[in-house]
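Here the structure is laid out as structure tokens; the discussion comes afterwards.
Nothing in this text is a laboratory measurement; each read-out follows from the coordinates by a stated rule. Small disclaimer: the values here were computed from a predicted structure and weren't measured. Because the Cβ atoms are built from the backbone with ideal geometry, glycine has one as well, and the counts that use them run over all protein chains shown.
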Amino acid sequence: MVIKGISETDWEKAIEIGRPPNIKRLFPNSKALLVSGKVVDRAMRAKGKAIAMAANARNQLIIRGVLQAAQKANAPVIIEIAKSEGGTKAYCAVNYWNMATLVDQICNECHITIPVAIHADHYGIRNEKDLAMAKVEIPSFFDAGMTSIAIDASHLPDDQNLLANIEINPYIPQWAGLETEVGEIKGETGLSTVEEALFLIQGLNAHDIFPDWIALNNGTTHGIEEKDSGIQVQLTADIHAALEKYKISGAQHGTSGNSSERLRQIAQQTHTTKANVATALQMISWGVQVNDYGNAILDPNGNFSKIEGEGVTEELWQEMVAYAQSKNWKKGDYKNLNLPFENKLLAQPKEVRERIVRQIEAFSFKMMTEVFNAEDTAPLAIEAILKAGSYDLGPKVGRIENPSEWTREKILEKGARLKGNKGPAGKFDD
């Protein structure tokens with residue numbers, strides 16, 4: 001039995017029919033079950049009140065630890081990287097174009113048999129130049145093995161957000177997992193509203209675009225959480241309820257600063273099936289002390305607290321801190337250490353690399369099983385593939401809205417009547 005609850009015959013069939021065309025072309029002899037993000041969403045919905053971990057792969061050891069945790073939890077998982085982390089101006093060595101190769105290699109090496117989606121998170125579109133570039137870049141990283149994408153035009157006014165999503169959609173494979181976003185993730189200001197979410201999803205539906213997930217600004221932030229306000233569970237539940245007939249799931253961003261209890265509430269009280277975990281995994285891989293839900297703990301001087309004997313060696317950590325200080329970086333800027341120190345991370349002694357992987361695995365397994373309720377959802381993912389008889393599970397809902405009510409002119413008219421508060425301007429990238 002390669003997956004608990006699934007026969008080897010069914011698993012082999014899933015390998016045969018469940019891997020999308022780009023994955024089969026790239027890795028013809030692979031036994032890694034790389035799948036559309038749709039598969040992961042359907043598994044969580046089938047179990048109910050379950051969320052898949054979407055782990056931001058800021059270094060290679062994080063990928064290894066998360067995959068091992070998912071195998072142990074018998075749960076499908078999403079490995080992702082955001083545009084700021086892994087795009088053409090990346091601050092990580094793992095990127096849109098090499099992540100699938102790394103995941104496939106590690107899956108085969110470690111006999112990872114659970115389904116894994118490869119997700120391009122937060123593909124930001126802020127202007128016409130970004131939109132033009134997206135038409136080139138998005139096909140390029142699907143060529144490189146991406147199986148899911150988040151289009152993030154939330155920085156734009158609501159009507160332009162919708163129009164950008166419509167214009168870029170032909171460049172995304174129909175079989176791929178699709179996430180959209182309303183409300184830029186910026187904490188307790190500029191919160192998303194029911195009206196804005198309905199406007200986006202209704203407009204997409206009228207154009208035969210059926211996202212698997214919607215991300216909201218529901219009170220959280222990316223990176224290090226410095227306030228305890230965090231996710232607004234009721235706001236999230238209200239928006240998801242309003243979108244019920246469109247069968248769209250929620251994608252929760254900025255989990256690292258939120259308590260395990262609040263994340264359990266998101267699982268139990270909303271339709272969330274995807275939760276991004278980024279900063280917590282980065283900190284654990286370095287050996288920085290975190291609380292039970294992954295937020296960094298600072299020492300009395302306001303600096304990161306490195307745990308001796310965990311994460312990177314003490315010598316490498318001191319080198320990293322000195323580098324950051326030479327750049328006058330604040331705590332939130334330490335993420336920029338990923339790119340210049342990736343090779344030094346991989347060059348550490350075997351026992352150090354192995355302990356990093358173990359620590360990532362332990363944290364991820366606890367999140368998957370005790371917080372996200374994702375344990376034993378891998379068989380449900382396999383069943384979804386077998387039921388569809390294909391790598392393409394299709395949409396969860398058909399067209400409901402009238403296209404004649406969602407022409408460009410009417411989108412602009414409707415958008416002008418929306419009264420959402422976008423909050424302060426600024427840089428809020430993941």
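Could you tell me which of Asn291, Asn98, Met133 has its Cα farthest along the dipole of segment 8-417 towards the positive end, charges placed at Cβ (Lys, Arg +1; Asp, Glu -1), taken about the Cα centre?
Projecting each Cα onto the dipole axis, the largest value belongs to Asn98.
Per residue and in cubic angstrom, what volume does the convex hull of the Cα atoms of segment 324-383 have?
151
If I model a spin label at Arg126 and Asn29 as a point 7 Å from the Cα along the Cα→Cβ vector, what separation in nanometres do I get?
Computed distance between label sites Arg126 and Asn29 equals 4.5 nm.
Can you compute log10 of I(q)/I(0) for the chain with the Debye formula, treating each Cα as one identical point scatterer, at q = 0.06 Å⁻¹?
-0.22
What do you get for trypsin sites (Lys or Arg not before Pro) in segment 53-161 restricted to DSSP loop and a cutoff of at most 15 other Cβ within 10 Å of the site's Cβ? Let's see the in-between values first.
Numbers: sites: Arg58, Arg64, Lys72, Lys83, Lys89, Arg126, Lys129, Lys135; in loops: Arg58, Lys89, Arg126.
Counting only loop positions with at most 15 other Cβ atoms within 10 Å, the trypsin sites (Lys or Arg not before Pro) in segment 53-161 are Lys89, Arg126.
Using helices alone, what [θ] at 222 nm do you get for the chain, with -39,500 (n - 2.57) per DSSP H run of 4 or more residues, divided over all residues and rounded to the nearest 500?
Mean residue ellipticity, 222 nm, calculated: -13000 deg cm²/dmol.
Asn291 versus His111, label points 7 Å from Cα toward the beta carbon: distance in nm?
About 4.0 nm, to one decimal.
So for the chain, averaging the separation of alpha carbon pairs under 8 Å that are six or more residues apart and normalising by length, what relative contact order in percent results?
24
Can you give the longest run of the chain that contains no GluC sites (Glu not before Pro) sitting in a DSSP loop with at most 14 other Cβ atoms inside 10 Å?
1-225
Which residues' amide hydrogens lie under 5 Å from the amide hydrogen of Lys306, considering only partners 5 or more residues apart or on another chain, with H built in the peptide plane?
Those lying under 5 Å, H to H, from Lys306 are Gln289.
For segment 8-417, with only Lys/Arg (+1) and Asp/Glu (-1) charged at the beta-carbon, what is the dipole magnitude about the Cα centre, in debye rounded to 20?
420
Determine, from the Cβ-Cβ distance of Glu413 and Lys89 and an R0 of 56 Å, the FRET efficiency 1/(1 + (r/R0)^6), rounded to the nearest 0.05.
Plugging the Cβ-Cβ distance into 1/(1 + (r/R0)^6) gives 0.95.
Once you place label points 7 Å from the Cα toward the Cβ at Tyr171 and Ala388, how far apart are they in nm?
2.3
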